[in-house]
Number of protein chains: 2
Amino acid sequence: MTPHFDLSPPAPDLSDALRTCLDNKTKPPGSLGRLEALAVRVGQVLGTLSPAPGQPHLLVCAGDHGALRDPRGQALSAYPADVTWQMVENFLAGGAAINVLAREAGIELHIADAGVAHDFGRRDGLIDVKIAPGTASWFDGPAMSASQCAQALRNGAGIARDIAARGVRVLGFGEMGIGNTASASLITHVLTGAAMDDCTGRGTGLDDAALAAKTRTLAALAGAWHGPHDPFSVLAQFGGFEIATLVGAMLGAAQSRMLLVIDGFISSAAALVACAHAPALRDYCVFSHRSQERGHAIQLDHLGAEALLDLDLRLGEGSGAALAWPLVRAAAAILRDMASFESAGVSRA
Amino acid sequence: MTPHFDLSPPAPDLSDALRTCLDNKTKPPGSLGRLEALAVRVGQVLGTLSPAPGQPHLLVCAGDHGALRDPRGQALSAYPADVTWQMVENFLAGGAAINVLAREAGIELHIADAGVAHDFGRRDGLIDVKIAPGTASWFDGPAMSASQCAQALRNGAGIARDIAARGVRVLGFGEMGIGNTASASLITHVLTGAAMDDCTGRGTGLDDAALAAKTRTLAALAGAWHGPHDPFSVLAQFGGFEIATLVGAMLGAAQSRMLLVIDGFISSAAALVACAHAPALRDYCVFSHRSQERGHAIQLDHLGAEALLDLDLRLGEGSGAALAWPLVRAAAAILRDMASFESAGVSRA
């Protein structure tokens, strides 16, 4: 059974009260720019004029992809598939970018094996929600069966609910999976209707020729596909297990009234699927950064989202979400801790 | 005597070694985007491949301006002059935006009275470097005498050196002074040669008519001025005491081999003056954000600088510098703490 996630917007609607609260702070109205809109989002999701988000957590889901080469043998990724499990080992050892960025920002990290083609055994610090050792190739059929997709969605939702049960109010999302930009490009193309060219980028570093070949291949593949366009069918057809698990985690997190901090292109593909299933999800999300990966702009535009950072990142792992967290924290503190004109005895304009 | 600040570039030149170090980290080369250029800047200024910047400090200089209305009585600022001292009180009480943002980011704050038109008495936490209770109006002549300007420069350099003597390696800069966007616009116009229109903005919130009047007034004033165009003469003519003190603090901080985190339009006007005096200063600076205040883009372009954040901020106080600090900290940690391909056993492309 494909799960269905009911989701209502954050309640009560505090947006007017939050804006009034910000306008009474000792600063010219609007002078904190987009930090003020962010503060409204944080207060709205946390349901208070005085948000204390506490320590954020970040979930990194990893998975491998069956479609790493097109039928003519052209690579879709600049890196070999082994890098997925090697990077999971790097996460567990604490040496990857996301480990460093999470430590600096005070974020607790969760690493999930959603479908890596490697036997890690039982490992401390690794959440085992492996569906299979990698997806099937979408050159041969769906990447995963409907029941595998449903299980990944349930797995993700379960992880998010377990984290929420610890009192966590903010959850960031990241991923690792060699080949998953191709997967995200296909999902983005189908769900937004944007041209394949605009949805396809260099991933970890394809050159011009490889990018052109990847774009042609994906366009042909998507053009030949006539399956159902509902979000979970698209996800099963082209997704990775890490993406499907993230979709479930996002939906579960929003149902638990957490603030969602979305990373870059792959995480936003998961957010696209989740929002297509439950449009109210959009109001629980903060989009952390605008990736250098080409299709990210398409995703953000489709979701009507403006990203906080624009630093030409294209790493994934949740790195942008970790980098943006201090802005979320700052926005909450502005609401919670700044003096008002009245309390500070400052004259108005 | 006008002080002269000798300043050499950071030494030794570690930029190649820093780039190699970043390329060996477990991530696709360049995938951390502008965070990598930031890491090179931090390593270069701190003189190490493994930078540990420690706790940053931030200096907020406050001063009042003689020219708050043009000769026809049109206000140059949306707020009354009393707001300068009222906001200094707010800083001392811990309720302003910069207090909140500095606390969240773990930044130690220093508040300096560089020339506020108010008697604070002796106050814990307020550095008294008051030159005079506000500048003279540039509608009548120079805002300050050459000797006042020299004293403000020395005061700022002294504050920065005192902070450096405590082992601090990162210093941010902010300001408070009703009327100081006009001052910064004039300095920017004269030092960059950009049209007055492009250097003039709404400050704390002028409406269209007031902005047009301010622009006309400042253009006429600058056009009629034929004094010497060396940076400290321009500073004395149009500066505020808070800006002059910041210029000295920036130069003193760079001489002490600190990394400088510059805030928005007013702080960047100080950086313009400091760089015009000692061009090597540019290489010690991180530009934290692109302000909504119109002339900031002109300043950044003139300095060949790209700001880290673009959040439509226009508050000042060092708020953008405080918000950008976590990015600086993250960039340093990437260099210092991330695993290499070799150490983590991860395959290369």
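The values are calculated or read from the model by the stated rules, or taken from the named source; none is laboratory data. Please read these numbers as outputs of a predicted model, since none were measured by experiment. Using ideal geometry, Cβ is built from the backbone for each residue, glycine included, and neighbour counts are taken over all protein chains shown. Ligands, DNA and RNA are excluded from the accessible area calculation, which covers all protein heavy atoms including side chains. Shrake-Rupley method; radii C 1.70, N 1.55, O 1.52, S 1.80 Å.
Once you keep just the Cα pairs under 8 angstrom separated by 6 or more residues, what percentage relative contact order results for chain A?
Worked out over chain A, it gives 26 percent.
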Scan around A:Gly115 for amide H atoms under 5 Å from its own, H built in the peptide plane at 1.01 Å from N, and keep only partners 5 or more places away or cross-chain. A:Ala62, A:Asp64, A:Ile131
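With viscosity set to 1.567 mPa s and temperature to 4 °C, compute the Stokes-Einstein D of segment B:222-278, Rh being the Kirkwood radius across alpha carbon pairs; µm²/s, no decimals.
Values: Rh = 11.8 Å.
D, rounded to a whole number, is 110 µm²/s.
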Could you pull out every residue, at least 5 positions away or on a different chain, whose amide H is within less than 5 Å of the one on A:Arg69? Hs are placed 1.01 Å off N in the peptide plane, and Pro or chain starts have none. A:Leu76
Listed by chain and number, the residues whose amide H is under 5 Å from that of A:Gly174, excluding neighbours fewer than 5 places away on the same chain and using placed H, are A:Leu59, A:Val60, A:Cys61
Say the dipole of the protein assembly as shown comes from +1 at the beta carbon of Lys and Arg and -1 at that of Asp and Glu; which of A:His189, B:Ile187, A:Asn24 then lies farthest toward its positive end? A:Asn24
Could you pull the copy-to-copy label distances for B:Gly125, with points set 7 Å along Cα to Cβ, in nm to one decimal and sorted shortest first? 4.0
Accessible surface ranking that places the most exposed of A:Glu104, A:Glu342 first, with a 1.4 angstrom probe: A:Glu342, A:Glu104
Inter-copy label distances at B:Gly106, 7 Å along the Cα→beta-carbon direction, one decimal in nm, shortest first? 0.9
Leaving out ligands, DNA and RNA but keeping every protein chain, what accessible area does A:Ser145 have, in Å² rounded to the nearest 10, with a 1.4 Å probe? 50
Only bridges with both residues in the protein assembly as shown count here: give the DSSP antiparallel percent, nearest 5. 10
Relative intensity, log₁₀ I(q)/I(0), of the protein assembly as shown from a Debye sum that treats every alpha carbon as a point, q = 0.05, 0.08 Å⁻¹: -0.25, -0.63
Derived scalar couplings ³J(HN,Hα) [segment B:138-151; Karplus, 6.51 cos²θ - 1.76 cosθ + 1.60; whole Hz; x for Gly, Pro]: 6, 6, 10, x, x, 5, 8, 6, 4, 6, 5, 4, 4, 5
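Let me know the charge dipole size of chain B about its Cα centre in debye, to the nearest 20, where only the beta-carbon of Lys, Arg (+1) and Asp, Glu (-1) is charged.
Working: 26 positive and 34 negative charges, 110 e Å.
With only Lys, Arg, Asp and Glu charged at Cβ, the dipole is about 540 debye.
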At 1.4 Å probe size, what's the solvent-accessible area of B:Thr2? Round to the nearest 10 Å². 70
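When Lys and Arg each count +1 and Asp and Glu each count -1, what net charge do the other residues less than 12 Å away from B:Phe5, Cβ to Cβ, add up to?
Net charge around B:Phe5: +1.
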Tell me, what is the per residue accessible area of the protein assembly as shown in Å², probe radius 1.4 Å? 33
Globularity ratio of segment A:57-327, using Cα Rg and 2.2 N^0.38 Å: 0.89
Cα extents of segment B:11-70 along the three principal axes, largest first (Å): 57, 22, 21
Using θ = phi - 60° and the Karplus form 6.51 cos²θ - 1.76 cosθ + 1.60, what ³J(HN,Hα) does each residue of segment B:121-130 get, whole Hz, x for Gly and Pro? x, 7, 9, 4, x, 10, 7, 8, 10, 5
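Just how large is the dipole of the protein assembly as shown about the Cα centre, in debye to the nearest 20, putting +1 at every Lys and Arg Cβ and -1 at every Asp and Glu Cβ?
Values: 52 positive and 68 negative charges, 91 e Å.
Dipole about the Cα centre, nearest 20: 440 debye.
Per the helix-only calculation at 222 nm, which mean residue ellipticity applies to chain A, given -39500 (n - 2.57) for every DSSP H run of n ≥ 4 and division by its residues, nearest 500 deg cm²/dmol? Can you show the working numbers first?
Values: 14 runs with 162 residues, N = 349.
Result for chain A: -14500 deg cm²/dmol, rounded to the nearest 500.
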With θ set to phi - 60° and the Karplus curve 6.51 cos²θ - 1.76 cosθ + 1.60, what are the ³J(HN,Hα) couplings of segment B:335-349 in order, to the nearest whole Hz, using x for Gly and Pro? 4, 7, 10, 6, 6, 8, 3, 5, 5, 9, x, 9, 6, 8, 5
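Name the longest site-free stretch of chain A, where the excluded sites are trypsin sites (Lys or Arg not before Pro) in a DSSP loop with no more than 10 other beta-carbon atoms within 10 Å. Let's see the in-between values first.
Working: sites that count: A:Arg72, A:Arg122, A:Arg166.
No qualifying site falls inside A:167-349, the longest such stretch.
Per the 1.4 Å probe, what fraction of the accessible area of segment A:57-327, in percent, lies on carbon and sulfur atoms?
Numbers: 4070 of 8390 Å².
Carbon plus sulfur share of accessible area: 48 percent.
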How much of the DSSP beta bridge set in chain B is antiparallel, as a percent to the nearest 5? 10
Label points for A:Ala280 built 7 Å along Cα→Cβ; distances to same position in the other copies, nm, shortest first, come to 6.2
In Å², nearest 100, what accessible area do chains B and A bury in total when the solvent probe is 1.4 Å? 4300
What's the minimum Cβ distance from chain A to the axis relating it to B, in whole Å, and which residue gives it? A:Pro326, 2
Highest GNM mean-square fluctuation, chain A, Cα pairs closer than 10 Å: which of A:Ala11, A:Ala184, A:Ala97? A:Ala11
